[in-house]
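The values are calculated or read from the model by the stated rules, or taken from the named source; none is laboratory data. Since we're looking at a predicted model, the values are computed, not measured. Cβ atoms come from the backbone with ideal geometry, glycine included; neighbour counts cover every protein chain shown. Heavy atoms of the whole protein, side chains included, go into the accessibility calculation; ligands, DNA and RNA do not. Shrake-Rupley method; radii C 1.70, N 1.55, O 1.52, S 1.80 Å.
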Amino acid sequence: MGSRSFKLRWIAVCLSMLLTIPAGGCWDNKDINHRSLPIVMGIAKRDGIYKVVLQVPEPTEGTTDLRVIEGKGTTINDIVDKISTNMESQIDLLHLKLILFEDEFAKEGLGDVIESFMRAHDISAKVMVAICDEPLESFFKNINTFHKNNGTVLLSFFEKNAGWNPQVAESSVWEVFRSMNSYTHDVSIPIIRSGTGTVIESRGSAIIGSGRMVGNLTPGETLIVNAFKGSSAQGKIEVMKNATVEIISSATVHRHTMKNGIPYLKSKIRLKVTLLETKGSPSQENIRHEVSKLLQSRYDSIIGKMKATRADILATGQYFRSNLTRDQLEHWREDYLPRLNCEVEFVTVIQNTGLLRDS
């Protein structure tokens, strides 16, 4: 019994000692009430100096106010650290949802910033990116004035279950980083500015080549890019001012060949549409023809811009990876993209004609 009693006392002493040891790895965790969680970050670069604007939602009774914080410095991390030092709470960027780059900075090149984000892991690789074609100061001032009690209005513009539509491009930090390190896959980034009748105004999308803005697409061309890549394309199209149709769904099939060093790509995009409005008495066949003609024109414009900028935003080079060696793929943009032979067929199926009848 004495031995057993000694063992029990020894176990009790060990347990008490363990309870006095601080929990490793948790001592420096800050309570959620002592952290600021920005949802939008704006970045500009002027005369070699970065400017960062953070939009931080602050819940109040019944509403969500927006707090806009600004800082300048030689690096993004340095700016965020300085802001945290001067605040009553620590900045936590892991909850960031959107990064806005000023257009002049995007034209100069986003490579260094995107690479630092991927290395540091302070920001999720899934954060959406966009380009602002007006000074960040006026952009945030305008949207806060327009809708100052809704902290999610900017995010809703990009959410598929809210305000997003297929005329708006979709890109994340990871996708931009991938394009910078890929021989055959570039990206397009949405361009926005503060609106007048609406909070946000879409300006189409930017063509990003080697991490730099080298061109732009119209909203209508952006819809074709989304449809080509198999993304949702439920957008509205006005046809010759005689009819308006809405795309219900899209499906794309691609076939590729390589002949005498020239890449050939044939695509068929099948669109199911419903008729929203007509003027006069256009026939179904006329509407189908005009839809295909309009989309073909936009597609040809996209291909022309791709070849001119050497940026493969449709990722057509992906289809030829089995036809080319690694050394050849490395020169896809310079040697093969300009010679790419593209054919596309748009097959339009009108599902709901309303009062429209064939003439």
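Take every DSSP beta bridge whose two residues both sit in the range 219-359; close to 65 percent of them are antiparallel.
Segment THR198..ARG46, full-extension length gain: 51.8 nm, with 0.36 nm per residue of separation and the alpha-carbon distance subtracted.
In this simple spin-label approximation, GLU330 and SER156 carry label points 7 Å from Cα along the Cα→Cβ vector, and these lie 5.0 nm apart. Taking the protein heavy atoms of the range 219-359 in the context of the full set of protein chains, the accessible area attributed to carbon and sulfur is 44 percent at 1.4 Å. What the phi angles of the range 120-130 give under the Karplus curve with 6.51, -1.76 and 1.60, with θ = phi - 60°, is a coupling list of 6, 6, 6, 10, 5, 5, 8, 4, 6, 10, 8 Hz, glycine and proline written as x. Cα-Cα pairs above 12 Å in the range 160-205: how many percent? Result: 68 percent of Cα pairs exceed 12 Å.
The base-10 log of I(q)/I(0) for the range 32-217, evaluated at q = 0.08 Å⁻¹, reads -0.23 [Debye formula, identical scatterers on Cα atoms, solvent excluded]. Listed cross-link partners LYS45/LYS97; LYS107/LYS268; LYS97/LYS305; LYS229/LYS268 are compared with a 23 Å cut-off, the Cα-Cα value being larger for LYS107/LYS268; LYS97/LYS305. Straight Cα distances below 16 angstrom link LYS82 to the aspartates and glutamates GLU70, ASP92, ASP122, with same-chain residues fewer than 8 positions distant left out. The amide H of VAL127, built 1.01 Å from its N in the peptide plane, has VAL173, TRP174 as neighbours under 5 Å, considering only residues 5 or more places off or on other chains.
What's the carbon and sulfur percent of the range 32-217's accessible surface, probe 1.4 angstrom, rounded to a whole number?
On the way: 3950 of 8420 Å².
For the range 32-217, the apolar C and S fraction of the accessible surface comes to 47 percent.
Computed on the range 219-359, the Cα convex hull volume stands at 101 Å³ per residue.
Taking amide H positions as modeled 1.01 Å from N, with prolines and chain starts lacking one, the residues under 5 Å from GLU134 and 5 or more places away or on another chain are ASP103. 3J(HN,Hα) along the range 224-229, derived from phi through the Karplus expression 6.51 cos²θ - 1.76 cosθ + 1.60 where θ = phi - 60°, amounts to 5, 4, 5, 5, 4, 7 Hz, with x in place of Gly and Pro.
Loop-located GluC sites (Glu not before Pro) in the range 38-140 (DSSP state other than H, G, I, E, B) with a sparse environment of at most 15 neighbouring Cβ atoms within 10 Å: GLU61, GLU88.
Residues within the reach of a label modelled at SER297 (point 7 angstrom out along Cα to beta-carbon, backbone nitrogen below 14 Å), restricted to the range 273-291, are 289-291.
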